Every structure is written in structure tokens, then in C-alpha cells.
1. Can you give me the number of residues within the range 315-330 that are within 17 Å of residue 86 (Cβ to Cβ) and either assigned to a loop (DSSP other than H, G, I, E, B) or free of Cβ contacts under 8 Å to residues at least 24 places away in the same chain (or both)?
2. For residues that are surrounded by fewer than 19 Cβ atoms within 10 Å (Cβ to Cβ) and assigned to a loop (DSSP other than H, G, I, E, B), scanning just the range 374-392, find the one that is nearest to the chain's Cα centre (by Cα).
3. Just give me the residues in the range 335-348 being in a loop (DSSP other than H, G, I, E, B) and buried (at least 21 other Cβ atoms within 10 Å of the Cβ), in sequence order.
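The values are calculated or read from the model by the stated rules, or taken from the named source; none is laboratory data. This structure is a prediction, so every number in the text was calculated from the model and none was measured. When we count neighbours, we look across all protein chains shown, and the Cβ atoms used for this are built from the backbone with ideal geometry, even at glycine.
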Amino acid sequence: MHGFSVDPDDLNPALFGFQRELVRWALAKGRGALLVDCGLGKSLMELVWADRVARHTGKPVLILTPLAVAPQLVAEGAKFGIDSARSHRGELESRIVVTNYERLHHFDPDTFGGVVCDESSALKAFDGQRRRQVTEFMRRMPYRLLATATAAPNDYTELGTSSEALGELGHMDMLARFFTNDQKSSSPRRNWAGGNEWRLRGHAEGPFWRWVASWARSMRRPSDLGFSDIGFVLPPPTLTEHVVSARTVAAGRLFEMPAHGFREEREERRRTMRERCEMVAALVADTGQPAVVWCELNAEGDLLERLIPGAIQVAGKDSDEVKEERFAAFASGQARVLVCKPLIAGFGLNWQHCAHLTFFPTHSYERWYQAVRRCWRFGQERQVVVDLVLTEGERTVMENMRRKAEQADRMFADLTAAMGDALTVDRSTVYGLPATMPAWMRRAA
């Protein structure tokens, strides 16, 4: 434990009981991760944690966010009486400074007493140089907090990115201790379907999850920490699959068949682009309601923008200023339909005013889950509708997605179980509360 203890009555009164417990643990830990599902108040917990660390160290705390999330976080702080300010070029106008990951180079780590990485699972999506920049910045901080809803839900090895940033085991050290590689390769490469060549050793599964629970807390619902779920139960979104008939078949075939391998999938996606985009346009064009249209290719985004009246697109080629301006236009209702890739806008943004999303199939469960959660979150007052547009040739992509969803559920179940054991120890050693011996210690004895 690298942190300090606080009186629970001295924390922001707006915190729910489960949020107060998580903030207390994160402050006592000093360098930890909150793997908390969307809509359970990560922003408020980050702000309260940052405020307490700033008071304790006498230095400001930096909160790093995905693009366009910074103003949203500052507004959240104002709502709960926590002073914070956005900074573009290293200005320090508050003891809580909020900026985008892309602007980190403007800041001197020696100025700060702590750092928060909001939506930290996005780190692995950055290029190597930026990821190293964030990791090195964090290593110089006495107090560190990572917060994300989906930390590697379908790829356990990605937890090494978080571990390394917190000063725990390095990524490769973690792989060597808990994983095996059937290909005998030292590189954590991915296969064409998004899987990883490293797999968890059978005998190391229990120790691995206990190790993760030593520096992270995971929660999908308050009952995971022993609190009531009342007010935190969301009706599942309505998912409808729309299978589009391709106008042409792949070269050398007489009829449609599932694509196999990245090359065939890419050819299928490009060959059926117009049919799929026309179906999406028909689904959202005349509803009169806000909609987010998620795409995977640049050409898809350009075509969708032309086909859907009044739609605006946020593309990778746009400047950061243009992206933020268009995100704000959609959030405020100035634009009814937003076209974007999950890689660009799938993290951190809150769009509860929108209850309609369309997707094309993807192998990335994390991008899918995060993109759905931009609208399917607490505060949403309508039934969320998700339309999935695909061709017969993309059936294998959907099968892979379902497999990853099941794997994600297993991962969080394992992590939550290990966390339950860790909590019994924390409540006695950190908070001075009575506790029984954890199950894994009883088994070892």
C-alpha cells in the first residue's frame, strides 16, 4: 500500500456507498486501477481521488482523458462542487488539471503529485511512442490511478499494460510468470481474428487473478462489493441483425459463403459496402431521432455521410479541434446523426440523449462494448436499439464476437471472485474491520 487513509465522512457526500469504498481503497493503495463498468460513476470517483491527493501532496493532479472527454469531466466536477480546469498547453489554473492524452507533451511530471488515466484501456490503442510516453509520465508519479470499464475483457495479457503503468510487473514479466506461448515467440502477437498467441497457464489461473486483485478493483454492479443494485439495473438493449444480400458473389464462387481469414473478410467488406451502407441509411434516415452510426472503414464513413441527410462524420484525418467541435454538435442536438469509428469515439463520451446505434461486425469485443455503452448507460431514459448490419459472408465474425463476449463474462467473474477474497483482507488490514480468512488462504492452509 503506497497511499494514505481518509475518514469516509470527509469524502464528497455525493458518493454512493460502493463509490466511497472504491475511493478509500484507491487512496490507501496509492497506485491502483478501478475496473468499473460504464455509468457507475468513474468520473466522480476520479475527481474525488484527485482532489484528496492534491490536498495530501500540496501539488496539482493531472487527469488524462480521451479526446473530447475533458470538458465533460470538468462539467461533472462543477456539478458536485469539485473545482477543476481544462488545460490545452500546460496551464495550471486549478489543483485538478484535465487534458487529453494527445496533449501530454505540454506537461512537466515534476509539477504534479498524482495522475489519473481515464478510460485507461484506450492506452493499448495508441502507437508505441505515445503509450511509452504515458507510462514514463506515470512512473514519475507517487500517486497513480487507472480507471476503465473494460480492461482487456477478451485478452488477459493486455492487463500487463495497466500493471506496467502502475509499477507492478512489467508486461513481459507478467507473461513469463503466468502465461505460456505455444508458438515459442517472445512477441505478444495477435492472430487474424484478434486472439492472442499467449494463454494462461492452467495451474497459474488462481494466482493470476489474486495478483490482479492486489492492484485493481473490478465491478460491474454494486452487489459485487456487497451493496444493493437498486437503481443500477439497466434493461438490456434490443439487438436486431439485418442480413444484407450481396449483389455479387466473391470471385470463383457460385453463392455466398462465410469468409475465412482476414483477406477474405476484407474483400467481403469492400465488395458489399454499398449494400450495407444503404441498409444503415434506411434504418436511421427517417426516424427523426438521434443515432450513432459506427463504421470500420474510411470509405464506409464517407459513403454513410453522403447517404444519410444531415449526418456529420468524425474521421481520423480531422484535427483534434474539428473532432471536438463535431462531438459537441452531436451531444447538444445540433446534429442528429453522427458517423464515426469506435476507435475514435468509443471511449468515455456520454450520449444518453441517443438511444439508436448501428454497427457493422467487428472482431474487437472491447470496441463493440464500449461503443454500445456510449448510449446504454445509467441516465438513459429510453430503450436502446442496436441494429447490426451484416452479410452472409460475415457470419464467422459474429461467431468470434459471441465467443469473446462469453470469455469477457468469465474473466470478470474470475476477477470479481478473487476481488471478494482480497476485500476481506483489505477491510481488516486497511480499514480495521473484522474479517474472516479468505477462501484461497483456507485452501492453502
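1. Residues that pass the stated criteria total 2.
2. The residue in question is 377.
3. Going residue by residue through the range 335-348, those that are in a loop (DSSP other than H, G, I, E, B) are 335-336, 341, 346-348.
Hits for the range 335-348 are 341, 346, 347, 348.
Okay, residues lined up against (1) over 30 Å from residue 416 (Cα atoms); (2) in a loop (DSSP other than H, G, I, E, B); (3) at pLDDT 95 or above:
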{"site": "210", "(1), (2), (3)": "no, no, no"}
{"site": "227", "(1), (2), (3)": "no, yes, no"}
{"site": "230", "(1), (2), (3)": "no, yes, no"}
{"site": "234", "(1), (2), (3)": "no, yes, no"}
{"site": "254", "(1), (2), (3)": "yes, yes, no"}
{"site": "259", "(1), (2), (3)": "yes, yes, no"}
{"site": "263", "(1), (2), (3)": "yes, no, no"}
{"site": "274", "(1), (2), (3)": "yes, no, no"}
